[in-house]
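What follows is a short report on a single structure.
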Amino acid sequence: MTQENSTNVVELLNLKMYFPITHGLLRRRVGEIKAVDDVSFSIKKNETLGLVGESGCGKTTTGRCILRLYKPTAGKIMFNSTDISGMNENQLRSVRSSMGAIFQDPYGSLNPRQTARTIIGMPLIIHGMKTKGYDNRVEELFKLVGLDPSMMTRVPHEFSGGQRQRLGIARALACQPELIICDEPVSALDVSIQAQIINLLEELQEKLGLTYLFIAHDLSVVQHISNRVAVMYLGRIIEIANSKELYQNPLHPYTKALLSAIPVPNPVIERKRTRTVLKGEVPSPADPPTGCHFNPRCNIATGDCKTERPQLKDVGNGHMAACFRV
Amino acid sequence: MTNDANDDTQPVDIAKWSETAPRYSEIKRMISVFVGRPLPVIGLVIIVLLILVAIFAPLLAPDPPNQMEIINKLQQPSSEHWLGTDSLGRDTLSRIIFGSRTSLIIGISVTAISSIIGIVLGLLAAYFGGAIYHIIMRFMDALMAFPMLLLALLVASLLGAGMLNIIIALGIGMIAAPCRLMCGVVMSVKQNDYVLSARAMGMSNLRIMFQEILPNAFPPLLVLMTIGIGAVILAEAGLSFLGIGITPPTATWGGMVNDGYKFIMTNPVLAISPGVAIMLVVFGFNMLGDGLRDALDPKLRGVI
């Protein structure tokens, strides 16, 4: 695929997604979970953006906002330069056919009572593409993800975990989407299958010119597949950089701690290296700390970290970090 | 294979990925679990017999059910009248055979009506949640607070007795159980990622409910419906026994027990034989339901 085409497929502008906490019979609003709190980033065509962070930091919510499974509280989601954040279901129809989604659990994401053929063809049926070429297209999709078309009449429980994830990928590809949101697509698979699925995703990206938002918590997997990586902490993006740059030169103290948690598969080096171990736990997104969300656990935090929110600032080469101390 | 359709896709090494376990049919497993134990099979046999008897009642019954021979009233069982005759000289066996039709018609139609309404309401309540959930489920709570017989009494006294009114009365009374069960099952089924995936594809709510959720929520409903038919037959017998059910002279088992119990000392067969018929049929439906529950339960895969 050509690289000079650098238009943004997706651009998030100050996206916010707050979930209300209701209480009692009258559903009184007693607070809100700030799952995604002012997130902005963009993904260029044919690029893979990795989104990492620990559980509950809002990475999945961000992905689901882009898929418009949630209606964001504030902010804009530009998809091919059109704002889709306020669209209703009817307006979204055409957008939905150009986005695909791959989910984490290959067991839960396929309807156990439908055959593989129906599952993969469903997006085509929904978008009124059940025409002459339908059967050929389904068969083509089977081959595209490396499944034997003779297994089309099987139901999900007759497939292995890796094969089911292939079915999920085939389904996401059915309508020839531009963007695919991969929500932890390999986390539920064992390591050897993970590699197969990652390779398949890379192969498909090259072949079909796809753009990926790759959500994961496995840092090495993300490093392998992503062009750029964004690190999220408590609903905010705290660092975003080229994959190579981020792993070699992490700037934000949280990113440093996160990367130092990757075990080194060499006991000699492993024993010598000093690990940054974080104190405490992730604060509740219902009651985040003031200022920098990371300040209670940060080892270099000073007074202004508690009062002011650090914005993402460019430190060169598109490497952005949200920390006063960089 | 249609290789011409996908020139741009390189052939992938399919053999490498395609080694799977041999095809293994879920339905075959269910049947083997079901027939593997005696009680469900006995239940099934009873119900099949009941259906056959109901269909071929005119051929099987020795006499028309309402033919009165006043001279031969209150006879003990004999070769002519196998289960004797009642106070109007009608053949008890013939009436039991024809009574199976009443029981089956009411059992099936009431269960069908209440299940369809209950399933739809439960599905709506659980899928949309919020206010819709509260309105529907509080209404069901109110319905459940009434004893079913009392509710049926109320409806029957408003509409009058008769087959159709009994079906309506029991049909309303039976909505709550399938509705609540459906609501609970749907709440858990809708958490699955395939529902999320269907929404991400742009599937309409109606289609998600009936195409993605309902088939996966249905097995426990099937069990409830089977057992429900037994409960309805029992309730109808109770109503007919109380004299607010099917209008005479239509043969019903409950009505026959009511007619016969006055003569329980002199001619016990009159009351006991329709009672045994009720018991057997309800037992049959319950056993069938139990068997279905075990056969459909994925957690019992490999255990029985």
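Derivation of every value follows stated rules applied to the coordinates shown; laboratory data play no part. Bear in mind that the values here come from a model prediction, so they are computed numbers and not experimental data. Note: ideal-geometry Cβ built from the backbone for every residue, glycine included; neighbour counts use all protein chains shown.
Subtracting the Cα-Cα distance of A:K279 and A:E202 from 0.36 nm times their residue separation leaves 24.0 nm of extension gain. Between the listed residues B:I175, A:S94, A:L26, the Cα displaced farthest toward the positive end of the dipole of the protein assembly as shown, a dipole computed from Cβ unit charges relative to the Cα centre, is found at A:L26. Working from Cα pairs under 8 Å separated by at least six residues, relative contact order for the stretch A:80-216 is 34 percent. Between B:V41 and B:Q76, the simple spin-label model (points 7 angstrom out along Cα→Cβ) gives 3.9 nm. Taken over the protein assembly as shown, the ratio of Cα radius of gyration to 2.2 N^0.38 Å equals 1.29.
Label points 7 Å out from Cα along the Cβ direction at A:Y134 and B:I272: separation in nm? A separation of 6.3 nm, rounded to one decimal place. The calculated FRET efficiency for A:T118 paired with B:I135, based on their beta-carbon distance and R0 = 56 Å, is about 0.95. Rg and Dmax over the alpha-carbon atoms of chain B stand at 25.1, 92 Å.
Taking amide H positions as modeled 1.01 Å from N, with prolines and chain starts lacking one, the residues under 5 Å from B:T247 and 5 or more places away or on another chain are B:G162, B:M163. Helix-only arithmetic for chain B: the sum of -39500 (n - 2.57) across DSSP H runs with n ≥ 4, divided by the residue total, places the mean residue ellipticity at 222 nm at -21500 deg cm²/dmol.
Nearest 10 degrees is fine. How inclined is helix B:176-189 to the longest principal axis of chain B, computing both from alpha carbons? Here the helix axis deviates by roughly 10 degrees. Taking all Cα-Cα distances within the stretch A:173-216, those exceeding 11 Å account for 67%. Set the Förster radius R0 to 35 Å, insert the Cβ-Cβ distance between A:S192 and B:Q191 as r into 1/(1 + (r/R0)^6), and round the FRET efficiency to 0.05. Calculated value: 0.75. Its relative contact order, with pairs defined as Cα atoms under 8 Å and 6+ residues apart, puts chain A at 20 percent. Name the residue from B:A217, B:F139, B:A251 whose Cα lies farthest towards the positive end of the charge dipole of the stretch B:45-297, charges +1 on Cβ of Lys and Arg and -1 on Cβ of Asp and Glu. Of the listed residues, the answer is B:F139. With the cut-off at 1.5 for a/c, could you classify the stretch A:106-154 from its C-alpha gyration tensor as rounded, prolate or oblate? Oblate.
Is there a pair in A:K59/A:K256; A:K34/A:K59; A:K130/B:K190; A:K272/A:K313; A:K256/A:K313; A:K45/A:K207 whose C-alpha atoms are over 22 Å apart, and which pairs would that be? Violating the 22 Å Cα-Cα cut-off are A:K130/B:K190; A:K272/A:K313. Between A:A74 and B:L206, the modelled labels are 3.8 nm apart [label points 7 Å from Cα along Cα→Cβ]. Rounded to the nearest 20, the Cβ-based charge dipole of the stretch B:45-297 about its Cα centre (Lys and Arg +1, Asp and Glu -1) stands at 520 debye. Every helix of 4 or more DSSP H residues in chain A counts as -39500 (n - 2.57), and over all residues that averages to -9000 deg cm²/dmol at 222 nm. Here the relative contact order of the stretch B:45-297, from alpha carbon pairs under 8 Å that lie six or more residues apart, stands at 23 percent. What FRET efficiency, computed as 1/(1 + (r/R0)^6) with R0 = 60 Å and r the Cβ-Cβ distance, is obtained for A:L92 and B:Q67, rounded to the nearest 0.05? That gives a FRET efficiency of 0.30.
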